[in-house]
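What follows is a short report on a single structure.
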Amino acid sequence: MNSILETGVTDCHPASLPDYVPVSELRDLQLSRLQSVVTRAWRQVKLFRSRMDERGLAPEDIRLLEDIAKLPFTQKSDLRDTYPFGLFASPMKDVVRLHASSGTTGKPIVVAYTKEDVEVWTSVVVRCLAGCGLNRGDIVQVAYGYGLFTGGLGAHYGAEGLGAAVVPTSGGNADRQIMLMKDFGVTAMCCTPTYFLHLIERAAELGVEMKELSLRAGVFGAEPWSESLRQHIERASGIEAFDIYGLSEIIGPGVGCECRRHQGLHIFEDHFYPEIVDPATGTPLPDGDEGELVLTTLSKQAIPMIRYRTRDITALLPGRCDCGRTLRRIGRIGRRSDDMLIIRGVNVFPSQVESALLEIEGVLPHYQILLTRQQGLDQMEVQIEVTPQMFNDKIGALQRLHERLQGALDHVLGIRVRVALVEAHSLERSEGKAKRVIDRRTL
Ligand code: DLL
């Protein structure tokens, strides 16, 4: 790990990076790490041990990597049910950090890190940023929230580990973010894609031309975003936009990230073992098939996660990336299995709405889905912001746009939805993860 922190890494080819290790070596390393993490969890975590016992399994039964499929799954409710510290495999004297992620209801889930865990976390975020072409000399503004959320501190340690200069703004106060970007000559921005969209808009209002700033890269994640949104961001700001993935339960940001080839997100497989399973049955699926991502932490000390059901839907991409990394890649995560809305019996994903909308000119990438129930029947309204020119234009243009949107949404969703065109800036902006769906159906 030291070699990564010390190399002064540039894009793609420093052979010292674990990103390029021969596949056979990587698989050997994964197996030995899997065996030790299973042993550790079996010894230290009651819940895991009891699940192994129920299956008549002992750590020695893991002889090959494929044996991972014998192991029991872990899911979010396990963290909730053992709140706050029930899945810890390290005593508190070895824990140096606690983070928590708020769920939609009740208690948050708690995650913990030993000093070694923080070092691993730093090293994977260093590798993410290096893969995005960042290096010493870059000035990285971190506008993910600092605090219990893993985004801010995760990106911060990684950028600092890379040797870049960090501007730790956290979320919020768009005007100040833009001022610092400009005055400090910030070269890379880390935040959610929707927050960056907001910064693009606000910069335009302030008369700041984003394309004239030193900013050249954005490392965006923590929420689903589409390829069309990437194109919109790149066109509007002149930067190269990268997708970074992670989740608190596994480590935070840095489980995987795109490199400059943008051919999927490389998973740091020496620390996180990926599988894709059928979300309904849990059966492992072959590379290329879409399903639920299941992750096993191979080196985590404080909370080893064995076969964690992420609920994120993606595929392991077959073949190698042109960049030469041997790390396998996942496709962009557009949706979660629990994101699915069932509207009048039809399955609808918010990501389908985003992709359909952004294909159409005159539409801004700000939308919200409002669900209501009228006389027992689900109603879905998609509120979409349109450019000010559209509202100023003759009414005919707005009507034509309305019809095109209605047609596009009916086509992708397969159900009739109500389309409401609203003025630019009328939908609420978020500083972190955007809230795309408002479900009033239970009221
Ligand atoms: O969002 C960690 C993170 C911070 C990732 C900053 C990237 C950048 P949680 O709050 O625990 O952790 O949320 C994890 O967010 O299971 C996905 O559903 C979603 N998510 C994260 N990154 C992406 C992405 C952080 N690039 C949950 N694309 C995950 C799509 C993402 N969804």
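What the table shows:
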{"read-out": "Enumeration of residues in region 276-297 that are within 27 Å of residue 113 (Cα to Cα) and touching a helix residue (DSSP H, G or I) at 6+ places or on another chain (Cβ under 7 Å)", "value": "296, 297"}
{"read-out": "Residue list for region 210-267, filter: closer than 25 Å to residue 368 by Cβ and touching a Cys at 6+ places or on another chain (Cβ under 9 Å)", "value": "218, 220, 221, 222, 243, 244, 245"}
{"read-out": "Enumerated helices (runs of 4 or more DSSP H) restricted to region 15-95, each holding at least 2 residues that are among the aliphatic types (A, V, I, L, M)", "value": "23-44, 46-54"}
{"read-out": "Flag if residue 313 is β-branched (Val, Ile, Thr) and more than 12 Å from the ligand (Cβ to nearest atom)", "value": "no"}
{"read-out": "Residue that is surrounded by the most Cβ atoms within 10 Å (Cβ to Cβ) [pool: residues in region 99-133 that are touching a strand residue (DSSP E or B) at 6+ places or on another chain (Cβ under 8 Å) and without any contact (Cβ under 8 Å) to a residue 40 or more places away in the chain]", "value": "110"}
{"read-out": "Cβ pairs under 7 Å, 6+ apart, first in region 217-235 and buried (at least 22 other Cβ atoms within 10 Å of the Cβ), second hydroxyl-bearing (Ser, Thr, Tyr) and part of a strand (DSSP E or B)", "value": "221/245"}
{"read-out": "Condition met for residue 325 (more than 16 Å from the ligand (Cβ to nearest atom) and buried (at least 20 other Cβ atoms within 10 Å of the Cβ))", "value": "yes"}
{"read-out": "Selection within region 92-107 - closer than 24 Å to residue 268 by Cα and within 12 Å of the ligand (Cβ to nearest atom)", "value": "99, 100, 101"}
{"read-out": "Test: residue 157 is surrounded by 19 or more Cβ atoms within 10 Å (Cβ to Cβ) and not in a helix (DSSP H, G or I)", "value": "no"}
{"read-out": "2 or more residues crowded, with 17+ Cβ neighbours inside 10 Å, touching a Lys or Arg at 6+ places or on another chain (Cβ under 8 Å) and not small (Gly, Ala, Ser): qualifying strands (runs of 3 or more DSSP E) within region 331-443", "value": "363-374, 377-386"}
{"read-out": "Residue list for region 146-175, restricted to those being at pLDDT 95 or above and either outside the structural domain of residue 205 (by TED's automatic domain parsing) or in contact with a Phe, Trp or Tyr (Cβ under 7 Å, 6 or more places away or on another chain) (or both)", "value": "151, 152, 153, 154, 155, 157, 167, 168, 170"}
{"read-out": "Some residue of region 82-90 being modelled with pLDDT under 95, among the β-branched types (Val, Ile, Thr) and on the phi < 0 side of the Ramachandran plot", "value": "no"}
{"read-out": "Flag if residue 151 is assigned to a loop (DSSP other than H, G, I, E, B) and within 12 Å of the ligand (Cβ to nearest atom)", "value": "no"}
{"read-out": "Residue that is assigned to a strand (DSSP E or B) and surrounded by 24 or more Cβ atoms within 10 Å (Cβ to Cβ), where the choices are 189, 181", "value": "189"}
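Quick grid of which residues meet (1) assigned by TED's automatic domain parsing to the domain that holds residue 174; (2) modelled with pLDDT under 90; (3) away from the ligand (no atom under 16 Å from the Cβ); (4) of a type outside the set (Lys, Arg):
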| site | (1), (2), (3), (4) |
| --- | --- |
| 390 | no, yes, yes, yes |
| 400 | no, no, yes, no |
| 405 | no, no, yes, yes |
| 409 | no, no, yes, yes |
| 417 | no, no, yes, yes |
| 426 | no, no, yes, yes |
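Matching residues to (1) away from the ligand (no atom under 16 Å from the Cβ); (2) in the same structural domain as residue 326 (by TED's automatic domain parsing); (3) not hydroxyl-bearing (Ser, Thr, Tyr):
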{"site": "90", "(1), (2), (3)": "yes, yes, no"}
{"site": "109", "(1), (2), (3)": "no, yes, yes"}
{"site": "115", "(1), (2), (3)": "yes, yes, yes"}
{"site": "124", "(1), (2), (3)": "no, yes, yes"}
{"site": "134", "(1), (2), (3)": "no, yes, yes"}
{"site": "141", "(1), (2), (3)": "no, yes, yes"}
{"site": "144", "(1), (2), (3)": "no, yes, no"}
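The values are calculated or read from the model by the stated rules, or taken from the named source; none is laboratory data. What you are looking at is a predicted structure, and each value in this text was computed from that prediction instead of being measured. Methodologically, a virtual Cβ is constructed for each residue, glycine included, from the backbone with ideal geometry; neighbour enumeration extends over all protein chains shown.
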